[in-house]
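Asks: What follows is a single structure, and I will ask about it in a moment.
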Amino acid sequence: MNTQDISLGFPKLLTDMEQGYIPAFTLEPIKRAAAKNEAGAVVRTPRFIDDVAAGRVELPTIPRVVQRLIAALRNPNVDARALGELLSQDPVLSAKVLRIANSSFFGGQRSMASIDAAVALIGLQALNRLIVACGVSSSFDAVPGIDLKVFWRDALVAATAANKLAPRLSADPEAAYICGLLHGAGHLILCRSYPEIANAMFTGYAPVRGAELAAIEMEAFGIDHPQVGAIWAESLGFPQAVSDTIGKSAKPVAELHEALDLTLHSASSLAASVAHNDAPEAALATLPPSVRDPFTETDGTPNAAFCKLYEALQATEPTL
């Protein structure tokens, strides 16, 4: 198995990425012409669901060992030794777990060689996030017009933000993390499934995201990334609440009524602010009032809690 080297968004100091970082997977709708193939013929608008049903398009799968690990980690009483045995079936993933356990984030004072000890040190929640991130990222080797390293970094910022905001909004933190991580994956699936359209419509354009991207996708593909992402999340066996929230990720906040929906919306707003290197004041202003108010001082400026959260998001990177 070729598990890509994308994992938890542990904070560390950014280098040149923090200067003007913009996610490369979302694009500005500027005078787009109809997609054409090499012969110059206009490419038909695909029917994604029909193409999946007919076998012309296959939804990405995640490695079997990762599926088994995700299932095992849903059991709060799972034994670390059992997890270690599963991890040992994937040398790349095992090495990554050991590297994280030995990193400065977890102290890094000694060289740990035992998978069982590494699992115990990292903890089940952090391990679950690592496994999910590695599993879903390994499904995409290359996608037309997309820098995958940048894409997953942006997704990890959203996932981290969702996880941190969830308790304040009475949402489940682990479900929120998965929603943040996967909310844009439908765009990867569409671009990989229809590369001619992806190259014609997305390569070389300035980035946008969310509802603007969804509108472009509807015109180009006949379906948008929230719908496709929801279908994929459901196919992977994630809870229904996760797939439902992903499916609503591009809707306006006025149409969102569930705590998990509002959490993802807010996390996506913060991820966009991080992507554009916005100041904390500008980032706070993007949040819905019900989310923004507890983070706001009486003079309208961000409070210390928000500044700490936003600073951590700006320092979020995959462990490479």
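The values are calculated or read from the model by the stated rules, or taken from the named source; none is laboratory data. A quick note: this is a predicted structure, and the numbers were derived from the prediction, not measured. A quick note on method: Cβ atoms are made from the backbone with ideal geometry, for glycine too, and the neighbour counts reach across all protein chains shown.
So that you can scan it fast, the table gives a plain yes or no per residue for (1) touching a Ser or Thr at 6+ places or on another chain (Cβ under 6 Å); (2) within 23 Å of Pro60 (Cα to Cα); (3) hydrophobic (A, V, I, L, M, F, W, C); (4) at pLDDT below 95:
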site	(1), (2), (3), (4)
Arg209	yes, yes, no, yes
Ser235	no, yes, no, yes
Gly247	no, yes, no, no
His276	no, no, no, yes
Ala283	yes, no, yes, no
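Asks: Only one of (1) farther than 24 Å from Pro239 by Cα; (2) outside any loop (DSSP other than H, G, I, E, B); (3) within 23 Å of the chain's Cα centre (by Cα) is not met by Ala142, so which one is it?
Replies: (2)
Asks: Of all residues in the range 192-223, how many are under 20 Å from the mean Cα position of the chain (by Cα) and of a type in the set (D, E, K, R)?
Replies: Count: 4.
Asks: Could you please tell me which pairs satisfy a Cβ distance under 7 Å, a separation of 6+ or placement on different chains, a first residue in the range 75-87 that is without any contact (Cβ under 8 Å) to a residue 12 or more places away in the chain, and a second residue that is of a type in the set (Gly, Ala, Ser)?
Replies: Ala82/Ala72
Asks: Of all the residues that make up the range 59-84, how many are acidic (Asp, Glu) and either surrounded by 18 or more Cβ atoms within 10 Å (Cβ to Cβ) or under 17 Å from Gly135 (Cα atoms) (or both)? Lay out the reasoning, then the answer.
Replies: Kept after step one, since they are acidic (Asp, Glu), are these residues of the range 59-84: 79.
Then keep just the ones that are either surrounded by 18 or more Cβ atoms within 10 Å (Cβ to Cβ) or under 17 Å from Gly135 (Cα atoms) (or both); that gives none.
Within the range 59-84, residues that are acidic (Asp, Glu) and either surrounded by 18 or more Cβ atoms within 10 Å (Cβ to Cβ) or under 17 Å from Gly135 (Cα atoms) (or both) number 0.
Asks: Please indicate, with yes or no, whether at least one residue in the range 252-268 is in contact (Cβ under 8 Å) with a residue 24 or more places away in the chain, polar (S, T, N, Q) and surrounded by fewer than 16 Cβ atoms within 10 Å (Cβ to Cβ).
Replies: no
Asks: Just to be sure I understand, how many residues within the range 289-309 are touching a residue at least 24 places away in the same chain (Cβ under 8 Å) and within 19 Å of Thr263 (Cβ to Cβ)? Walk me through it before giving the result.
Replies: Initially, the range 289-309 is screened for residues touching a residue at least 24 places away in the same chain (Cβ under 8 Å), giving 290-291, 294, 306-307, 309.
Imposing the further condition that a residue be within 19 Å of Thr263 (Cβ to Cβ) reduces the set to 290-291, 294, 306, 309.
So the count comes out to 5.
Asks: Considering each of Asp154, Asp116 in turn, give the residue that is closer than 13 Å to Leu181 by Cα and part of a helix (DSSP H, G or I). Talk me through it step by step, then tell me what you get.
Replies: Numbers: Asp116 fails: closer than 13 Å to Leu181 by Cα.
None of the other options fit; the residue is Asp154.
Asks: How many residues does the range 218-239 contain that are part of a helix (DSSP H, G or I) and either closer than 20 Å to Leu264 by Cα or among the hydroxyl-bearing types (Ser, Thr, Tyr) (or both)? Don't jump to the end; show me each part of the working.
Replies: Initially, the range 218-239 is screened for residues part of a helix (DSSP H, G or I), giving 218-221, 225-235.
This time we only want the ones that are either closer than 20 Å to Leu264 by Cα or among the hydroxyl-bearing types (Ser, Thr, Tyr) (or both), so: 225-235.
Counting residues in the range 218-239 that are part of a helix (DSSP H, G or I) and either closer than 20 Å to Leu264 by Cα or among the hydroxyl-bearing types (Ser, Thr, Tyr) (or both) gives 11.
Asks: On to the next question. So which residues in the range 89-107 are exposed (fewer than 13 other Cβ atoms within 10 Å of the Cβ) and assigned to a helix (DSSP H, G or I)? Walk me through it before giving the result.
Replies: First pass over the range 89-107, keeping only residues exposed (fewer than 13 other Cβ atoms within 10 Å of the Cβ): 91, 104, 107.
Correct list: Pro91, Ser104.
Asks: Of the residues in the range 211-241, how many are touching a Phe, Trp or Tyr at 6+ places or on another chain (Cβ under 9 Å), buried (at least 24 other Cβ atoms within 10 Å of the Cβ) and among the small types (Gly, Ala, Ser)?
Replies: Of the residues in the range 211-241, 1 are touching a Phe, Trp or Tyr at 6+ places or on another chain (Cβ under 9 Å), buried (at least 24 other Cβ atoms within 10 Å of the Cβ) and among the small types (Gly, Ala, Ser).
Asks: Let me ask something else. Assuming Lys149 fulfils every condition listed in (1) at pLDDT 95 or above; (2) within 17 Å of Ala272 (Cα to Cα) apart from one, which condition is it?
Replies: Every listed condition holds for Lys149 apart from (1).
Asks: So which residues in the range 119-133 are in contact (Cβ under 8 Å) with a residue 40 or more places away in the chain and either under 30 Å from Gly204 (Cβ atoms) or part of a loop (DSSP other than H, G, I, E, B) (or both), if there are any at all?
Replies: So in the range 119-133, the residues in contact (Cβ under 8 Å) with a residue 40 or more places away in the chain come out as 120, 124-133.
Listed by number, the list holds a single entry, Ala133.
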